[in-house]
Amino acid sequence: MSGKPGISVNGRSYRWPDGPVVVVCVDGCEPDYVTRAVQAGVAPWFGDVMAKGTSLVVDAVVPTFTNPNNLSIVTGASPAVHGISGNYFYDRDAGAEVMMNDPKYLRSDTILAAFSRAGASLAVVTAKDKLRRLLGHGMQGVCFSSEQADRTTVGEHGLDDALQLVGLPLPSVYSAALSEFVFAAGVKLMESRRPDVMYLSTTDYVQHKHAPGTPEANAFYQMMDGYLSRLQELGATIGVTADHGMNAKTDGAGAPAVIYLQDVLDGWLGAGQARVILPITDPYVVHHGALGSFATVYLPADAAIAALTRRLAAVPGVEVVLDRAGACARFGLPPDRVGDLVVISTRNVVLGTAAARHDLSGLDAPLRSHGGLSEQAVPLLVNRRTRAPGPGVRLRNFDVFDVVLNGVAS
């Protein structure tokens, strides 16, 4: 690595890269997507990395949703440190349910911002704009989204006219093209600006609709493989991980398998006595209907929490029920942003609020979603060999910068 001094963020130190480093978060990447694409012969870059580089399966952050995992990756820390516990939460101070995409909710520094302050050149491209301000907080450099690539300015995004730079039309937010734009932008930025550190984050539109090994999924990974190969040709050290996996959430007939927790609790406690929050909630509900496998529940002050925990745990399709302290200790979550209970459903079941609040009319394929323990396993791939973790070390997706910057064998 370079002789330049490294940086320290959230109790961890990172060496200065001796060449451009690209870290990629592939949204919704169940490890089997990569394996099946390699087996189909459409992903030679991935195959080469699995054979000659570093290929691991590691654990994502629970809840296995986009915002907490992306922010864990760029901070090298759990949500208990950086504060982002979901895509959506109940803000007790405001007394309102809100999106968690404002940097005011971020409680720690990021690796990206620290490298920027130390003089490194940075570039961040994300598929959806909901992540852009969080990822770019405190960072100087290029930072924009595919979704709003037609609105970039030097002042806010570090460059004018991202569409002209990339040379592709503005993609639909509900398309594989939204992610392809991220990779195409990464290649153009590497060719034109050669940033020291680049972070690319995709969307899981394809994974929500198509299982591993399907023609559509393999085509998506083939596309990705080509761009990653080009970034490698340009001299980049590349680390690839994911924010979560993905599973079918259907019954034997192919219909969504849903536990509507708000309806259940209204029946037990009375209407409106409990508040169910689904941290998967975001503006892009067409492919998942705001249904995921993790929920947090706020209860009235006089609620019998232990009894409700046992009762909820007995509901068919529920895997785990924990009180706030237990959930925060197990999953590294910030206590003030978690309800009295956390409920996690089984592999093929999702959780909803009330049935009347979920519009599933946009689903044009059997429901696939995430959020629970069943989506925690994700790949961590690096296009160089790295030192093996020590005995008993549990690697996480948010160790990817550590592996890429500190663990690459010289």
Note to self: For the range 297-314, check the following and say yes or no: at least one residue is in a strand (DSSP E or B) and either of a type in the set (S, T, N, Q) or surrounded by fewer than 23 Cβ atoms within 10 Å (Cβ to Cβ) (or both).
What the structure shows: yes
Notebook entry, point to check: Here are some residues: 74, 57, 62. Which one is surrounded by fewer than 24 Cβ atoms within 10 Å (Cβ to Cβ) and either modelled with pLDDT of 95 or more or in contact with a Pro (Cβ under 7 Å, 6 or more places away or on another chain) (or both)?
Noted result: 57
Check: Going through the range 30-52 one residue at a time, which ones are open to solvent by less than 60 Å² (accessible area, probe 1.4 Å) and either among the β-branched types (Val, Ile, Thr) or part of a helix (DSSP H, G or I) (or both)?
Finding: 31, 33, 34, 35, 37, 38, 42, 45, 46, 47, 49
Check: So which residues in the range 1-29 are farther than 30 Å from residue 80 by Cβ and surrounded by fewer than 19 Cβ atoms within 10 Å (Cβ to Cβ), if there are any at all?
Finding: 2, 3, 4, 18, 19
Item checked: Subset of the range 212-247 that is in contact with a strand residue (DSSP E or B) (Cβ under 7 Å, 6 or more places away or on another chain) and under 19 Å from residue 348 (Cα atoms) - its residue that is surrounded by the most Cβ atoms within 10 Å (Cβ to Cβ) -> 244
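Considering only residues that are assigned to a loop (DSSP other than H, G, I, E, B) and open to solvent by 60 Å² or more (accessible area, probe 1.4 Å), which ones fall in the range 132-152?
Those that are assigned to a loop (DSSP other than H, G, I, E, B) and open to solvent by 60 Å² or more (accessible area, probe 1.4 Å): 137, 140.
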Check: Would it be correct to say that residue 118 is open to solvent by 50 Å² or more (accessible area, probe 1.4 Å) and free of Cβ contacts under 8 Å to residues at least 12 places away in the same chain?
Finding: no
Note to self: closer than 22 Å to residue 74 by Cα and assigned to a strand (DSSP E or B): is that true of residue 379 in this structure?
What the structure shows: yes
Next item on the list: State all residues of the range 323-347 that are buried (at least 19 other Cβ atoms within 10 Å of the Cβ), among the hydrophobic types (A, V, I, L, M, F, W, C) and farther than 15 Å from residue 260 by Cα; if no residue qualifies, say none.
Entry: 327, 328, 331, 333, 338, 341
Checklist line | From the options 102, 160, residue that is touching a helix residue (DSSP H, G or I) at 6+ places or on another chain (Cβ under 8 Å), of a type in the set (D, E, K, R), farther than 21 Å from residue 80 by Cα and surrounded by fewer than 16 Cβ atoms within 10 Å (Cβ to Cβ) | finding: 160
Next item on the list: Tell me which of these residue 85 doesn't satisfy, since it passes every other one: (1) open to solvent by less than 50 Å² (accessible area, probe 1.4 Å); (2) in a helix (DSSP H, G or I).
Entry: (2)
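The values are calculated or read from the model by the stated rules, or taken from the named source; none is laboratory data. Quick caveat: nothing in here was measured; it's all calculated off a predicted structure. With ideal geometry, Cβ positions are generated from the backbone for all residues, glycine too; neighbour counts draw on all protein chains shown. Ligands, DNA and RNA are stripped out before the accessible areas are found, and what is left, the full protein with its side chains, is counted by its heavy atoms. Shrake-Rupley method; radii C 1.70, N 1.55, O 1.52, S 1.80 Å.
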